[in-house]
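Beneath this line is the structure, given in structure tokens, with notes to follow.
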Amino acid sequence: MSLKVTVGPPVVTINYGHAFLVSEFDGSVADASEQGLYARDTRFISRYQLYIDGEPWVLLNSGAVTYFASRTCLVNPRVLTERGVIEAGTVGLMLGRMVGEALHEDIDIRNYSGKPVRFNLELLIRADFADIFEVRSKAQTRRGNIETEWSSEQQRLVTRYAHDDFRRALTISVEQGTSEARYGNGRIGFVVDLPPEGAWRACWKYDISDGATLWPAPRECTHTCHEGHLARPVTEWKQVTTQLTTSNEEFYRLFRQSVEDMAALRLRADEEGSDDLLAAAGVPWFVSVFGRDSLIVSLQNMIVYPDFARGTLKRLAALQADMRDDDRDAEPGKIPHELRVGELAHFKLIPHTPYYGTADATILYILAWHEAWKWLGDEALIGDYESVILRCLQWIDDYGDRDGDGFQEYQTRSAKGYENMGWKDAGDAVRYPDGSLVKGPKALCELQGYVFDAKSRVAEWAESVGNKDLAAKLQREAAGLQRQFEDRFWCEDLDFYAYALDGDKKPVKTIVSNAGHLLWSGIVRPDRAARVIRRLREPDMWSGWGIRTLSANHPAYNPFSYHNGSVWPHDNGIIALGFKRYGFAEEAAMIARDISGAGTYFLLNRLPELYAGVQREPGTFPVQYLGANVPQAWAAGSVFHLLRAILGLEADAPNRRLRLDPALPPWLPDLTLRQLRVGRATVDLRFWRERDITRHEVLAQQGDLLVEVRTGTS
């Protein structure tokens, strides 16, 4: 029997809201690393180490017990104290941590030596208040001043950072300590004096502040993490999201973890206390408002939590650009890429206030708006954003199409802007077949598909509300774009579509996964779909763990790169939907099998942002990409897209209908969905295979909803 290899990052990460903590397995935060306690784009703890008489404690085991809490079990090394030797492994320390919008720690120590012990427990802690952009780039510049103040009476350490009007502070309060704390030389210390079997504990709270607002640490101690006030929203989340059961235990675990990852990444759509939510992109680098990511996550979650679209549409509409600002790549009607609130953004040293360097978020906003209409059926909600949608359409025609040729192109106008503005936004992601970088402006293939889809969707809505002139106009434009696209992007010699048109309007004949997005959008001519799918299934693209971003035959291929040969789960989820759209259900299920199979190897069955595009062979396992965000929203959401592709779920809430086209593969012989929401109705559905036929039945239903089967399944 072969051993199961578990793949995962070599750190412990916990998060809640805008705050997160990344540490070593032993609980320490390593010096000169990317680890630490972060909140709202500032690092509040940059160094952390527990000592017993000057020696580090020894790790036994550790891990996250839920997404916002962790436990670390440590024992002492052999130490020589003034009262004699404490033999190794005779004193145990349990470090419990819980992140809310700040951090709560509990330290529990017990003496198992059989004799009295006395030692010094010390916490070395430092705060650098670094901006997250500088931490990630490993290029920090100290701009302000740091001051530290210790109060013996209050048992409190306050560290403040000030740079002109930018303020941050970390307050560490020692509570319930069995002995009094002292502070000196950058360390908080205690004298621990224990009889045999004696216990010692302390409760430490880390409050954070931006000068105007204080975010206090969670009040409860960490042993209550599964029942305290932070746990209640998780319980409520599981009650309002779609539930899945299946005899395939691996897929069940992957789905369940993905639902929990969505809970972990929820952010309030605004700071005014509304219940509307959107998804942060991922931990650690993208705990913020992101246009493209939040919109794709909203699309993925239609079958699990369609209300994500409410918060996403609301927040991004509030940030829609109303003027041109070249420094931020902003143009009237454009939806932002990324919003930051750290020191660099505060002083406008980066353009993320917000930054608008995305070519697809404005188009994706229309897709998410339309899908919200189809799944939520809330006509008032959809009507609220009509003017936003019309401005998005105007941006597509006036600014997305830079030269008036009918295609979407991008090129930054900002000295600090991004070279690439599609979902593959790494600077080296768009390559000619010889491996050289493509010169802009660049017209990526998937952007044209997104626009075709967006205009078709708005035309459908316009028809439904009686705006026949707008509907006819958009239908003509979509049809014209489709004809023009086929003429300019199809490469007969490749049996594939060009990656892009370059700055000279020449096709870039590089084989990439982006063409799969064209199937999702529906722009592909039906007689060419099979050829595109066949090409994506060739060994240079199909790794066995998913479809690669770039062909393994390409000179720039690197399975360990960010976009040039890696596998992205969300990319594969979109492609699977495209396969299904054109009737290739078996191939869609093959993608789902690859991604879900990879997911079983990752710690907690948690899909990372991306992983290496190495070939799957007997005895191998997926290889992690160092620095991948985990948890990551659209990686988790890919599971929902894969499930939707297998079941062929399409909602029409305005007409109170749910359409099915299920095709369960042999590896997923049955599944049941409960609390699937369509408009105001909910439905429980069971699916199972009988030989090669997928059957289904409605187990329960609340509300007016007609469940239809689109093909010959029953």
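The values are calculated or read from the model by the stated rules, or taken from the named source; none is laboratory data. Note that this is a predicted model, so its numbers are computed, not measured. Every residue, glycine as well, gets a Cβ built from its backbone with ideal geometry; the counts of neighbours run over all protein chains shown. Protein only, heavy atoms only, side chains kept; ligands, DNA and RNA dropped before computing areas. Shrake-Rupley method; radii C 1.70, N 1.55, O 1.52, S 1.80 Å.
Within region 224-260, restricting attention to residues that are more than 20 Å from residue 673 (Cβ to Cβ) and of a type in the set (Gly, Ala, Ser), the residue that is surrounded by the fewest Cβ atoms within 10 Å (Cβ to Cβ) is 231. Annotation: of all residues in region 456-511 being in contact with a His (Cβ under 8 Å, 6 or more places away or on another chain) and among the charged types (D, E, K, R), the one that is least open to solvent (accessible area, probe 1.4 Å) is 457.
Residues in region 550-605 that are within 16 Å of residue 518 (Cβ to Cβ), open to solvent by less than 10 Å² (accessible area, probe 1.4 Å) and aliphatic (A, V, I, L, M): 574, 575, 576, 588, 591.
Taking residue 490 as the residue in question, decide whether it is more than 29 Å from residue 538 (Cβ to Cβ) and among the aromatic types (Phe, Trp, Tyr). Against the criterion (more than 29 Å from residue 538 (Cβ to Cβ) and among the aromatic types (Phe, Trp, Tyr)), residue 490 does not qualify.
Close Cβ contacts (under 8 Å, 6 or more residues apart or on different chains) running from residues in region 309-329 that are under 16 Å from residue 356 (Cβ atoms) and among the aliphatic types (A, V, I, L, M) to residues that are surrounded by fewer than 17 Cβ atoms within 10 Å (Cβ to Cβ) and modelled with pLDDT of 95 or more comprise 321/332; 323/332. Within the span defined as region 193-205, one or more residues are aromatic (Phe, Trp, Tyr) and more than 31 Å from the chain's Cα centre (by Cα). Within 26 Å of the chain's Cα centre (by Cα) and buried (at least 21 other Cβ atoms within 10 Å of the Cβ), is that true of residue 393? For residue 393, the condition - within 26 Å of the chain's Cα centre (by Cα) and buried (at least 21 other Cβ atoms within 10 Å of the Cβ) - is not met.
If I filter region 72-85 for residues that are within 19 Å of residue 13 (Cβ to Cβ) and in contact with a Ser or Thr (Cβ under 7 Å, 6 or more places away or on another chain), do I get at least one hit? Yes - at least one qualifying residue is present in region 72-85.
Table: residues versus (1) farther than 16 Å from residue 645 by Cβ; (2) among the basic types (Lys, Arg).
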site: 573; (1), (2): no, no
site: 580; (1), (2): no, yes
site: 587; (1), (2): no, no
site: 600; (1), (2): yes, no
site: 610; (1), (2): yes, no
site: 615; (1), (2): yes, no
site: 619; (1), (2): yes, no
site: 625; (1), (2): yes, no
site: 631; (1), (2): yes, no
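Quick check on residue 148: is it surrounded by fewer than 16 Cβ atoms within 10 Å (Cβ to Cβ) and under 27 Å from residue 190 (Cα atoms)? Yes, satisfied. For the condition under 30 Å from residue 16 (Cα atoms), open to solvent by less than 50 Å² (accessible area, probe 1.4 Å), in a helix (DSSP H, G or I) and touching a strand residue (DSSP E or B) at 6+ places or on another chain (Cβ under 7 Å), residue 629 does not qualify.
State which residue pairs qualify: first residue over 12 Å from residue 485 (Cβ atoms) and touching a residue at least 60 places away in the same chain (Cβ under 8 Å) and inside region 440-453, second residue assigned to a loop (DSSP other than H, G, I, E, B) and among the basic types (Lys, Arg) in any location, beta carbons under 7 Å apart, and separation of 6 or more residues or different chains. Short answer, once both residue conditions are applied: 441/402. One residue stands out in region 165-223 among those that are within 21 Å of residue 69 (Cβ to Cβ) and of a type in the set (D, E, K, R): the one that is most open to solvent (accessible area, probe 1.4 Å), namely 219. The number of residues in region 410-438 that are open to solvent by less than 20 Å² (accessible area, probe 1.4 Å), free of Cβ contacts under 8 Å to residues at least 60 places away in the same chain and not hydroxyl-bearing (Ser, Thr, Tyr) comes to 1.
Listed conditions (1) within 30 Å of residue 48 (Cβ to Cβ); (2) among the β-branched types (Val, Ile, Thr); (3) free of Cβ contacts under 8 Å to residues at least 40 places away in the same chain are all met by residue 283, apart from (3). Here is the figure for region 253-294: residues that are closer than 16 Å to residue 132 by Cβ, in contact with a Lys or Arg (Cβ under 8 Å, 6 or more places away or on another chain) and of a type in the set (A, V, I, L, M) total 2. The strands (runs of 3 or more DSSP E) found entirely in region 1-102 that carry 3 or more residues being over 30 Å from residue 194 (Cα atoms) are 12-16, 19-23, 36-39, 42-45.
Checked across region 553-562, the condition of being over 21 Å from residue 446 (Cα atoms), in a helix (DSSP H, G or I) and at pLDDT 95 or above holds for no residue. For region 103-117, a residue qualifies if it is assigned to a strand (DSSP E or B) and either of a type in the set (Phe, Trp, Tyr) or open to solvent by 10 Å² or more (accessible area, probe 1.4 Å) (or both), and the qualifying residues are 108, 110.
If the condition is being open to solvent by 20 Å² or more (accessible area, probe 1.4 Å) and over 16 Å from residue 477 (Cβ atoms), then region 439-455 contributes 439, 440, 441.
Conditions (1) of a type in the set (Lys, Arg); (2) over 20 Å from residue 68 (Cα atoms), marked per residue:
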| position | (1), (2) |
| --- | --- |
| 274 | no, yes |
| 281 | no, no |
| 284 | no, no |
| 293 | no, yes |
| 300 | no, yes |
| 310 | yes, yes |
| 337 | no, yes |
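Collect the residues in region 526-543 that are outside any helix (DSSP H, G or I) and open to solvent by less than 10 Å² (accessible area, probe 1.4 Å), keeping them in residue-number order. Write out each step before concluding.
Going through region 526-543, the residues outside any helix (DSSP H, G or I) turn out to be 537-543.
Residues satisfying the conditions are 541, 543.
Would you pick out the residues in region 51-67 that are touching a strand residue (DSSP E or B) at 6+ places or on another chain (Cβ under 6 Å) and within 28 Å of residue 148 (Cβ to Cβ)? 51, 52, 53, 55, 57 - these are the residues of region 51-67 that are touching a strand residue (DSSP E or B) at 6+ places or on another chain (Cβ under 6 Å) and within 28 Å of residue 148 (Cβ to Cβ).
Taking helices (runs of 4 or more DSSP H) that fall entirely within region 286-382, which contain at least 2 residues that are under 18 Å from residue 422 (Cα atoms) and open to solvent by less than 10 Å² (accessible area, probe 1.4 Å)? Explain how you work it out, then say what you get.
Working: elements: 291-300, 308-318, 343-346, 361-376.
Once the helices (runs of 4 or more DSSP H) in region 286-382 are filtered for at least 2 residues that are under 18 Å from residue 422 (Cα atoms) and open to solvent by less than 10 Å² (accessible area, probe 1.4 Å), what remains is 291-300, 361-376.
Scanning region 700-714 for residues that are touching a residue at least 12 places away in the same chain (Cβ under 8 Å) and open to solvent by 60 Å² or more (accessible area, probe 1.4 Å) yields 701, 702, 704, 706, 710, 711.
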